[in-house]
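Here is the structure we will look at.
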Amino acid sequence: MKILANDGISINGIAKMEKAGFEVLTTTVAQEQLANYINEHKIDALLVRSATKVRKELIDACSTLKLIGRGGVGMDNIDVAYAKSKNIHVINTPAASSESVAELVFAHLFGGVRFLYDANRNMPLEGDSNFKELKKSYSKGTELRGKTLGIFGFGNIGQATAKLAIGVGMNVVYCDPEVENATIELTFFDGQKVTFALKSTKKSELIKNSDYISLHIPDQQSYVIGKEELSQMKKGVGIVNAARGGVIDEVALVEALENGTVSFAGLDVYESEPRPEMKILMHPSISLSPHIGAATLEAQERIGSELANQIITLLK
Ligand SMILES: O=C(O)[C@H](O)COP(=O)(O)O
C-alpha cells in the first residue's frame, strides 16, 4: 500500500505506517499535478492538511484511492460526501490539535489586551527617543481575569479554550445548538480535578454579554459575525478567529475596529486565504498569525500518530 502525505506528516506517523508495511511518500505535489502523480504511483491513500484540495474532479480522476486522510479538523477542503459515495474512507483527527488551537487563541487574547501586536512593530530601533511616549500609549491595558469570554462553537477546541479561560479566572459563556450542556474538567499539576457545568446560551446573549469572543465553528455559507452582530457587542470587545475565514465579515470587522466597537481582533484565518486583504494585514489593531492554530510539534505528533493508527486499522 502506498500513502502520499502531500502536506507533510510527523516522523512518528511515518514510522508507524512504515512499520506496518506501508510505503509513505512525502513529496509535495502541486495541486494541478496531483491526479497524474496519484495514478502514476498507484497511491492508495492521500493525506492532506488544509493546503491540498480534494475535490470531486480529483476523486474521479484517481481510481486507486481508497482513503483520504485529513491531518487536522476542518474537512472543508475535501468533498467528503462525494468521496464516501465512491466507497473511499475519509478520516480526520478531530481532537488532536484542540489544546494547541486554544493556546493560540490565548496568545492573541493576552497580546490583544496589552497591545503586543502593535508594540512589537513600534519599538524604537535606535536609542530611547520615543520609548516614554510608547510606554504611555500602551499603558491602558486590561486583565483577562474576571472578564467574560464568549465561545461560539463548543466542540473539542471550544471546550479546550474554555478550560484555559477558567484557569485564567475568566467567566465563560458559550453558544452551540448541538451542545446544550457541557462539563468542563480541569486537571491540575497535582492530579486534582475540578469540574464545571456549563449550559449553552443564546447567540444574542453571548454577543451582548461578552468582553471577548472566540470563534470555534466550522466553515459556514454565511457570516456568523457580521455588521449586525458587531453592532450589538459590548463596546471595546476583543474578537479572536482561529476557526475559518468565512465566519466573520472582515469588512464589517475593520469598520467596527475603526469606530471603536471592537478594540482588537486576533486572526489566524482569513476570508481570502492564503492572501489576506491588505487592510487586514496593515491594521494596527489586528494581531495576525498565518493559520498556525494546529501547527505545534505536539499537535502534529498526535495528528500523525492518530492518522497512522486509523489507516492501519482501515487498510491493513
Ligand atoms: O482544521 C484544522 O485542523 C486547522 O485549521 C489546521 O489546518 P492545517 O492543518 O492546515 O494547519
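The values are calculated or read from the model by the stated rules, or taken from the named source; none is laboratory data. Given the structure is predicted, the values throughout are model-derived calculations rather than measurements. Methodologically, a virtual Cβ is constructed for each residue, glycine included, from the backbone with ideal geometry; neighbour enumeration extends over all protein chains shown.
In segment 212-242, which residue that is of a type in the set (D, E, K, R) and part of a helix (DSSP H, G or I) is surrounded by the most Cβ atoms within 10 Å (Cβ to Cβ)?
For segment 212-242, the residue satisfying everything is Glu229.
Within segment 37-71, which residues are free of Cβ contacts under 8 Å to residues at least 40 places away in the same chain, within 13 Å of the ligand (Cβ to nearest atom) and in a loop (DSSP other than H, G, I, E, B)?
If the condition is that a residue be free of Cβ contacts under 8 Å to residues at least 40 places away in the same chain, within 13 Å of the ligand (Cβ to nearest atom) and in a loop (DSSP other than H, G, I, E, B), then Lys53 is the only one that fits.
Of everything in segment 17-65, what is charged (D, E, K, R) and buried (at least 17 other Cβ atoms within 10 Å of the Cβ)? Give them in sequence order.
The answer is Asp44, Arg49.
Can you tell me which residue is farthest from the ligand (Cβ to nearest atom) among those in segment 72-87 that are within 21 Å of Lys42 (Cα to Cα) and of a type outside the set (Val, Ile, Thr)?
Asn87
Would you point out which residue out of Phe188, Phe196 is more than 16 Å from the ligand (Cβ to nearest atom) and at pLDDT below 95?
Result: Phe188 is the single residue among Phe188, Phe196 that is more than 16 Å from the ligand (Cβ to nearest atom) and at pLDDT below 95.
Would you call Ser129 exposed (fewer than 11 other Cβ atoms within 10 Å of the Cβ), polar (S, T, N, Q) and modelled with pLDDT under 90?
Taking the combined requirement at face value, the residue satisfies it.
For segment 260-276, enumerate the residues that are in a loop (DSSP other than H, G, I, E, B) and either more than 12 Å from Lys227 (Cα to Cα) or in contact (Cβ under 8 Å) with a residue 40 or more places away in the chain (or both).
Gly260, Asp268, Val269, Tyr270, Glu271, Ser272, Glu273, Pro274, Arg275, Pro276
Here are Ala119, Ala96, Ala107: which of them is out of contact with any Phe, Trp or Tyr (no Cβ under 9 Å at 6 or more places or on another chain) and within 26 Å of Ala265 (Cβ to Cβ)?
Ala107
Going by the structure shown, is Val269 in the same structural domain as Ala107 (by the TED database) and within 14 Å of the ligand (Cβ to nearest atom)?
Against the criterion (in the same structural domain as Ala107 (by the TED database) and within 14 Å of the ligand (Cβ to nearest atom)), Val269 qualifies.
What pairs come up if the first residue lies in segment 241-253 and is more than 16 Å from Lys203 (Cα to Cα) and touching a residue at least 60 places away in the same chain (Cβ under 8 Å), the second is more than 12 Å from the ligand (Cβ to nearest atom) and part of a helix (DSSP H, G or I), and their beta carbons are under 6 Å apart, counting only those six or more places apart or on different chains?
Every condition considered, the pairs that remain are Ala242/Val105.
Filter segment 243-260 for residues that are buried (at least 19 other Cβ atoms within 10 Å of the Cβ) and either closer than 22 Å to Thr142 by Cα or more than 14 Å from the ligand (Cβ to nearest atom) (or both) and give the result.
Ile248, Asp249, Glu250, Ala252, Leu253, Ala256, Leu257
Within segment 5-36, track down each residue that is away from the ligand (no atom under 16 Å from the Cβ) and in a strand (DSSP E or B).
Glu23, Val24, Leu25
Would you mind finding the one in Asp60, Asp79 that is over 17 Å from Ile303 (Cβ atoms), modelled with pLDDT of 95 or more and in contact with a strand residue (DSSP E or B) (Cβ under 7 Å, 6 or more places away or on another chain)?
Of the residues listed, the single one that is over 17 Å from Ile303 (Cβ atoms), modelled with pLDDT of 95 or more and in contact with a strand residue (DSSP E or B) (Cβ under 7 Å, 6 or more places away or on another chain) is Asp79.
Can you tell me which residue within segment 243-252, out of those that are touching a helix residue (DSSP H, G or I) at 6+ places or on another chain (Cβ under 7 Å) and outside any loop (DSSP other than H, G, I, E, B), is nearest to Tyr117 (Cα to Cα)?
Glu250
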